[in-house]
Amino acid sequence: MKAITVVVRTLFITALAAQTVMLARPALGYPSSSAGMIMPNDDAAKLDCSSAPKIMDLAVANRVPLDFSGQSVKLVRAEWQDAEPGDPESAPSHDDETVELQTGPSDGQFVKIIPTRLGNQRLRILAFLTNGSVADCRVVVLVKAGAKIPDTFFLSDGYAGGRPRHAQLVVLDLKQFSKMALQPVATYADLEKAIELRAGEVSFQILAVPGEKSPIKIDSSTGTVEAISLGRAVVEASFEGHSAKTCVIVRESVAAGRPQNCGDIAPETTPVPGRFKPIKEH
């Protein structure tokens, strides 16, 4: 009986030690916004995307040639990360989607990818092969605007139904609610996703009541509006031939006050020259 007890205890200690070793090993894998952790290849799966264009157009389907070295592919996904100076490769992806693998009559296999953020971007392509392994490749590209004009452009102060909400009127005070970040947003034909632009990628100016000092200021690098005195003003942003206007009212309290608007500063249509005083901020 004593011998059996010793054997059982030995087996338990051995199993516990093996589990401890497994838990102590560093996790190997690549982060993915869509699949948690994708393990690296153990069977030399290969994917070459070095022929991808180094400059791509925003909101346009860009053709990206792929070389799978004859491997059979089940599914292809594309992920995007910011790749500006200081952005780490381990940063989470801000966009990802499944893309269709196509074969041209003479130029091999490719996918079409639509960038949704300007600037230096890191594109990661993941190929799930039919043998169960995963191949991936990465390339840094510069995404530029201008090839496609937005359908609409507006400033947003939040979300409604999962989509950016048009900020037509913002009310601030000089205490608790003295700041508001306005997000520039562009929409494009044939693209379901609304594209959120960085504040530094658009031009801002403040339109004040004629003869009065502006009651607000704006940080053009972040799009944050700050109240500095009571009054009314309009924040105008411009991008790719479009302009967007948001009326900002500064009150003693955001919860009190009679209804106001900024129609006398910047009407719905193009303002008549001389009806407003532009204060350039960017």
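The values are calculated or read from the model by the stated rules, or taken from the named source; none is laboratory data. In this text, all values refer to a predicted model and were calculated from it rather than measured experimentally. A quick note on method: Cβ atoms are made from the backbone with ideal geometry, for glycine too, and the neighbour counts reach across all protein chains shown.
Is it fair to say VAL254 is β-branched (Val, Ile, Thr) and either outside any strand (DSSP E or B) or surrounded by fewer than 17 Cβ atoms within 10 Å (Cβ to Cβ) (or both)?
Working: β-branched (Val, Ile, Thr): yes; either outside any strand (DSSP E or B) or surrounded by fewer than 17 Cβ atoms within 10 Å (Cβ to Cβ) (or both): yes.
Yes.
Results for (1) hydrophobic (A, V, I, L, M, F, W, C); (2) farther than 18 Å from VAL170 by Cβ; (3) modelled with pLDDT of 85 or more; (4) in contact with a helix residue (DSSP H, G or I) (Cβ under 6 Å, 6 or more places away or on another chain), shown as yes or no for each residue.
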residue: HIS242; (1), (2), (3), (4): no, yes, yes, no
residue: LYS245; (1), (2), (3), (4): no, no, yes, no
residue: GLU252; (1), (2), (3), (4): no, no, yes, no
residue: ALA255; (1), (2), (3), (4): yes, no, no, no
residue: PRO259; (1), (2), (3), (4): no, no, no, no
residue: GLY263; (1), (2), (3), (4): no, no, yes, no
residue: VAL272; (1), (2), (3), (4): yes, yes, no, no
residue: LYS280; (1), (2), (3), (4): no, yes, no, no
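So is GLY158 over 30 Å from SER72 (Cβ atoms) and touching a Lys or Arg at 6+ places or on another chain (Cβ under 8 Å) or not? First the steps, then the outcome.
On the way: over 30 Å from SER72 (Cβ atoms): yes; touching a Lys or Arg at 6+ places or on another chain (Cβ under 8 Å): yes.
Criteria met by GLY158.
Filter the stretch 131-173 down to residues that are among the hydroxyl-bearing types (Ser, Thr, Tyr) and surrounded by 14 or more Cβ atoms within 10 Å (Cβ to Cβ), then give me how many there are.
Qualifying residue count for the region: 2.
Restricting attention to the stretch 86-106, report how many residues are surrounded by 14 or more Cβ atoms within 10 Å (Cβ to Cβ), part of a loop (DSSP other than H, G, I, E, B) and not polar (S, T, N, Q).
Here the count works out to 3.
The rows are residues; the columns are (1) touching a residue at least 12 places away in the same chain (Cβ under 8 Å); (2) within 33 Å of the chain's Cα centre (by Cα); (3) closer than 20 Å to GLY158 by Cα.
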{"position": "GLY223", "(1), (2), (3)": "yes, yes, yes"}
{"position": "VAL235", "(1), (2), (3)": "yes, yes, yes"}
{"position": "PHE239", "(1), (2), (3)": "yes, yes, yes"}
{"position": "HIS242", "(1), (2), (3)": "yes, yes, no"}
{"position": "ARG258", "(1), (2), (3)": "no, no, no"}
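Keeping to the stretch 107-117, report how many residues are outside any strand (DSSP E or B), crowded, with 17+ Cβ neighbours inside 10 Å and of a type outside the set (Lys, Arg). Before you say what the answer is, go through the steps one by one.
Of the residues in the stretch 107-117, the ones outside any strand (DSSP E or B) are 107-108, 114-117.
Remaining after also requiring crowded, with 17+ Cβ neighbours inside 10 Å: 114-117.
This time we only want the ones that are of a type outside the set (Lys, Arg), so: 114-116.
Number satisfying all stated conditions: 3.
Looking only at the stretch 177-198, filter to residues that are touching a residue at least 60 places away in the same chain (Cβ under 8 Å) and farther than 18 Å from LYS245 by Cα; which one of those is nearest to the chain's Cα centre (by Cα)?
Going through the qualifying residues, I end up with LYS193.
Which count do you get for residues in the stretch 43-85 that are closer than 16 Å to LEU142 by Cβ, in a loop (DSSP other than H, G, I, E, B), over 17 Å from the mean Cα position of the chain (by Cα) and among the hydrophobic types (A, V, I, L, M, F, W, C)?
Number satisfying all stated conditions: 2.
Of all residues in the stretch 47-68, how many are in contact (Cβ under 8 Å) with a residue 60 or more places away in the chain and under 19 Å from ASN120 (Cβ atoms)?
Start the filter on the stretch 47-68 by keeping residues that are in contact (Cβ under 8 Å) with a residue 60 or more places away in the chain, which leaves 47-50, 52-60, 64, 66, 68.
Filter once more, keeping what is under 19 Å from ASN120 (Cβ atoms): 49-50, 52-60, 64.
Looking only at that region, the number is 12.
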